[in-house]
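I have placed the structure first, in the form of structure tokens, so that the comments after it can refer back to it.
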Amino acid sequence: MTRLSSTLACLCLATLTCFVRANAADTRLGREVVPTFQSISLRLDADSTSYTGTTHIELKATEPTQTFRFHARGVTLDTIRFTSPKGPVKVTTTTGDKGVITATLARKITPGAYKMDIEFHDTFNTDAVGLYRMEKDGHAYAFTQFEADYARDAFPCWDEPSFKIPYQLILSVPQDEVAIANTLPEKETVKDGWKTTIFKTTRPLPSYLLAIATGDLEWVEIPGLGIPGRVVTVKGQSQLAKAAAETTAPILHALEAYFGTPYPYDKLDLIAIPEYWAGAMENAGAITYSDRVLLLDPTAQTVSQMRRLVMVSAHELSHMWFGDLVTMQWWDDLWLNESFADWMGDKITHQLHPEYDWNLTSVQDSQKIMFEDARPSTRAIRQPVESTDNLFENVGLAYNKGKAVLSMFEQWVGPETFQKGVNAYLKAHAWGNATADDLWKSLDQSSGRNVSQVMAGFIEQPGFPLVTVEPASTKGTYVLSQRRFTNLGVEQAALSWQIPLTLKFEHDGKIESRSLLLVASEQSVDLGPNVSWIYPNQDAYGYFRWNVPAEMLKSLAATSARSLTPRERIGLISSSGALLLAGAIHGDDYLRILETMGADPQPLVLTSLLDILQNVKTVIPPDASVAFAAYVRRTLGPALDRVGMSAAPGEAEALSVVRPQLLAWMGDEGRDATVQSFAETQAKHFLEDPSSVDPALAGEVLILAAHNGDQALFDAYRAHVESAKTPAVRSQYLNAMGAFRKPEIRKAALDYVLSGPLHPNEIFTVTRATGNDEPGREATYRWMTEHYEAITGRIPAEFATYLPFFASGCSEERLKNAQAFFADPKHHVSGQEVQLAEVTDQVEDCLRLREREGTAMAGYLETSSHASGAHPPAGSPR
Ligand SMILES: [Zn+2]
């Protein structure tokens, strides 16, 4: 599954379960009776609120037993027939937690083959999980999202990933509608107004990878696959499928080349769904996507949208091997399933489109996640998972840290050796299940190194090391030491790691490198005399923070564009941000380093700088905001001058990615009147004639114009949300509706979240924008507490666990209020405490940093803004 990034990242996840925590022993299925084949017939008319079905399951009893268990949650089982080779056996059932059905037979059965047939009925889900119905432009559709445990909500099944069996789906739909499943149709018949499609039996699959789509669907063919392939959309949207159709085959072929085996399934449908929580989901042969990701308007698609499409498709398609062909044994390896797909998605995206500089985007992700992983609320990414409760609560950390760690190990053992290990693992477990340990063992073998042991430090321990490099008393020798990285003022258990690292350094004017495995708490390395600087993490592949003597750090920053690669410069920006939190450098020095980095020629290094400035912005005391605006203009103004406010013909693609971000910073935090008025003019043009504005700028200029916008502009945005012809335009306007700063309009935007015609998954689109400044964060938090019941009534139960994120920021009072609010049993949902702990850490980090460095930072901002005359004040022509 791919998640979509956002400021409230966790609110964009798909399947997060948080039912009342039940005893694991009661909710895991036994192995006394296991399925070997299941056919499922469903009669689906999405215009109705309910559906009926039957299922036939071939079973194997592995030991003498009178009882066995399977799943069905909220599904009414009308009749159950259990058949032994000698004839029917009477069966009764009881229902337990999490949809576990215990079947008790009239007599004990012996090992052997049996059959079970069930007739059932159910209502469609309407929250975009399980088997759900939704409407778009007057047409009704049924779709599915089963990961992690929603298949049991749709029909009776053995709903755990290790029950991997062939399925046959048989779907009856109104005769003028289309039905899609994981495989090609085998036979189609029409009778009494119903069309019944019998689909080919699948290869062995776990229940969470089954998929169904029905309704007035249309599609375009995907060329060049070697198997049948389509991009499927709801009615009237197939003209937006061109980019997806054209980008798929190259990705699939690159993956076939990497894995050394053909795509494992008989067809490939990519299905765009308007009501969808995640980015996409890797159902075998029938990948479902959020329509915002898959469908691009050929007349207005942007570089960022194209990049996201390619990356998400590469992630999902890599799951066809890693996840679908070989499936995790149990959910404790979900992190590996997702980290691997993210890692591979990045790799293939970079390989196919070197012009995207995607290796810089991936290093940004790993550098960013270390800020979370440094806090006390962090946890090891591999955790024992007893039940599917809160399975995805650690997912942001698990995806990005896992991806970073895989990258580090690939570099350590070498890409070819790593590939060999991965492919041996896939070959050994094809069509079955495996664990992370199986992969490490395979990598041990391919590399001849103890990958398992070194990996354990990063996977089974929380946090990461800080590697410090200091000169030893002998000239030319340096001491490398490691300890657990912690933010200043935070107590955490001491840990140690075996760290694969490569030092990069300048020696006698030449750049050299040295690789080693840092296993001790201290280790000396002789680099020779005349070393002018050391960068302890060559190409930023290592998952650790580093520190070097203060003068060396300053000179690294000053000469970075010449001596460091863009990945290393991103690492430098991020690692120094971490050193600020650790108390190893001061706020004024840090602001000086960032100011230097504003001159960086690589656009994606600038986006890293903007990310870090986002953290800085929260810490700056409110009374220093004018001086901070001057600092922003001084640091970013020259960058915007280089990039330009408008696209130049033939410019590098990356400029169109960073341009809107620079405009946003200069217009909002920098209070640059020229940028503000440029944005207002562009927004006006976009409202009148969308084709007159660079599509890459549309989203940001709508937001900037909203900051000072009035009720009339708000009403115009709302009208565009409701009449938008493409998912992207709808998202742009919806997001911008949250960016109005006048309190009464902000309130209207928040009211619209609950009163407007929004899909459940759009509820958080507006609040992401309203929470973008401190008054907005406060208003959004208050709104959440006042409308808690209405909000939780509109979203799948598990999303309530993420509501504590509304207390993020730098307000102690809001944090305390949130702690009391969520402690109230009326507002408490199992799993919420994990998110509340994360928010508490974030706010406390910010408060401590503001207390410790706020004055120094404000002082620097004041004196530097007076001392420097080089930046234009707000309002002067650029
Ligand atoms: Zn995934």
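Throughout, read-outs are computed from the coordinates displayed, never taken from laboratory work. This one's a predicted model, so the numbers in the text were calculated from it and none came from an experiment. Heads up, the Cβs are rebuilt from the backbone with ideal geometry, glycines too, and the neighbour counts pull from every protein chain shown.
Residues whose amide H lies under 5 Å from that of F464, counting only those 5 or more places away or on a different chain, are F485; hydrogens are built 1.01 Å from N in the peptide plane.
Taking K and R as +1 and D and E as -1, what net charge do the other residues with C-beta under 15 Å from the C-beta of P471 add up to?
Working: positive: K475; negative: E470, E506, E522, D526, E551.
Net charge around P471: -4.
In the chain, the calculated helix contribution to ellipticity at 222 nm averages -13500 deg cm²/dmol per residue, counting -39,500 (n - 2.57) for every DSSP H run with n ≥ 4.
Rounded to the nearest 0.05, what FRET efficiency is calculated for A719 and T126 with R0 set to 25 Å and r the Cβ-Cβ distance? Before the final figure, lay out each step's value.
On the way: r = 26 Å, r/R0 = 1.04.
E(calc), rounded to 0.05, equals 0.45.
Applying 1/(1 + (r/R0)^6) with r as the Cβ-Cβ distance of T83 and E688 and R0 = 60 angstrom yields a FRET efficiency of 0.30. Amide H contacts for H71 (H built 1.01 Å from N in the peptide plane; partners 5 or more residues away or on another chain; cut-off under 5 Å): I101, C157, W158, D159.
For helix 711-723, what angle does its Cα long axis make with the longest principal axis of the chain, in degrees from 0 to 90 and rounded to 10? That helix lies at roughly 40 degrees to the long axis.
How charged is the neighbourhood of T123? Take every other residue with its Cβ under 13 Å from the Cβ of T123, and add Lys/Arg as +1 and Asp/Glu as -1.
Values: positive: R73, R133; negative: D45, D122, D127, D153.
Once positives and negatives cancel, what remains is -2.
Taking 17 Å as the straight-line reach from the Cα of K90, the aspartates and glutamates in range (excluding those fewer than 8 positions away in the same chain) are E58, D78, D117, E119. Evaluating 6.51 cos²θ - 1.76 cosθ + 1.60 at θ = phi - 60° for every residue in segment 246-253, the Karplus couplings come out as 6, 8, 6, 4, x, 5, 4, 5 Hz, glycine and proline recorded as x.
Counting other Cβ atoms within 10 Å, keep those with at most 13, restrict to DSSP loop, and tell me which GluC sites (Glu not before Pro) in segment 481-579 are left.
Values: sites: E491, E506, E512, E522, E551, E568; in loops: E491.
Those satisfying the criteria are E491.
Rounded to the nearest 20, the size of the Cβ-charge dipole of the chain about its Cα centre is 1180 debye, with Lys and Arg at +1 and Asp and Glu at -1. Want the number for H139 to K191: 0.36 nm per residue separation, take away the alpha-carbon distance, what's left? Here the answer is 16.5 nm.
Summarising the label geometry, the points placed 7 Å from Cα in the beta-carbon direction at H56 and K90 lie 2.6 nm from one another.
Quick one: of K115/K267; K242/K725; K187/K242; K401/K504, which pairs are farther than 27 Å apart, Cα to Cα? All intermediate terms of the calculation are to be shown ahead of the outcome.
Numbers: K115/K267 30 Å; K242/K725 16 Å; K187/K242 29 Å; K401/K504 23 Å.
Long pairs (Cα-Cα over 27 Å): K115/K267; K187/K242.
Taking the centroid of alpha carbons for each part, segment 700-734 and segment 356-391 are 33 Å apart. 3J(HN,Hα) along segment 215-231, derived from phi through the Karplus expression 6.51 cos²θ - 1.76 cosθ + 1.60 where θ = phi - 60°, amounts to x, 7, 8, 9, 7, 10, 6, 9, x, x, 8, x, 9, x, x, 9, 9 Hz, with x in place of Gly and Pro. Report the net charge of residues surrounding R230, where surrounding means a beta-carbon distance below 11 angstrom and charges are Lys +1, Arg +1, Asp -1, Glu -1. With Lys, Arg at +1 and Asp, Glu at -1, the net is -2. Placing R0 at 35 angstrom, the Cβ-Cβ distance between Q711 and E862 gives a FRET efficiency of 0.40 after rounding to 0.05. Close amide-amide hydrogen proximity is noted between W533 and E506, each under 5 Å apart and 5 or more residues distant or on a separate chain (H modeled in the peptide plane; Pro and chain starts excluded). For segment 678-690, 3J(HN,Hα) computed residue by residue from phi via the Karplus equation (6.51, -1.76, 1.60; θ = phi - 60°) reads 4, 5, 5, 5, 5, 5, 4, 4, 5, 4, 7, 8, x Hz, glycine and proline entered as x.
Shape analysis of segment 360-422 places it in the oblate category; the axes a ≥ b ≥ c from the Cα gyration tensor give an a/c of at least 1.5, with a/b not above b/c. Projecting the Cα atoms of V234, Q482, Q453 onto the charge dipole of the chain (Cβ charges, centred on the Cα centre) puts Q453 farthest toward the positive pole.
Using Cα-Cα distances under 8 Å and only pairs 6 or more residues apart, what relative contact order does the chain have, in percent? Display every interim value, and only then the final one.
On the way: 1758 pairs, mean separation 85.8, N = 878.
Relative contact order here is 10 percent.
Bridging of K195 to aspartates and glutamates at a Cα separation below 15 Å is possible for D45, D176, E177, E186, D216, once same-chain residues fewer than 8 apart are set aside. Is segment 120-186 best put as rounded, prolate or oblate by its Cα gyration tensor, with a ≥ b ≥ c the root eigenvalues, rounded for a/c under 1.5, and otherwise prolate when a/b is larger than b/c, oblate when not? Cα axes put segment 120-186 in the oblate bin.
Please work out whether segment 18-131 counts as rounded, prolate or oblate from its C-alpha gyration tensor, where a ≥ b ≥ c are the square roots of the eigenvalues and a/c under 1.5 means rounded, while otherwise a/b larger than b/c means prolate and anything else oblate?
On the way: a/c = 2.34, a/b = 1.41, b/c = 1.67.
Oblate is the answer for segment 18-131, as a/c is 1.5 or above yet b/c matches or exceeds a/b.
Taking a point 7 Å out from the Cα of S48 in the direction of its Cβ, none of the residues of segment 58-101 has a backbone N less than 12 Å from it.
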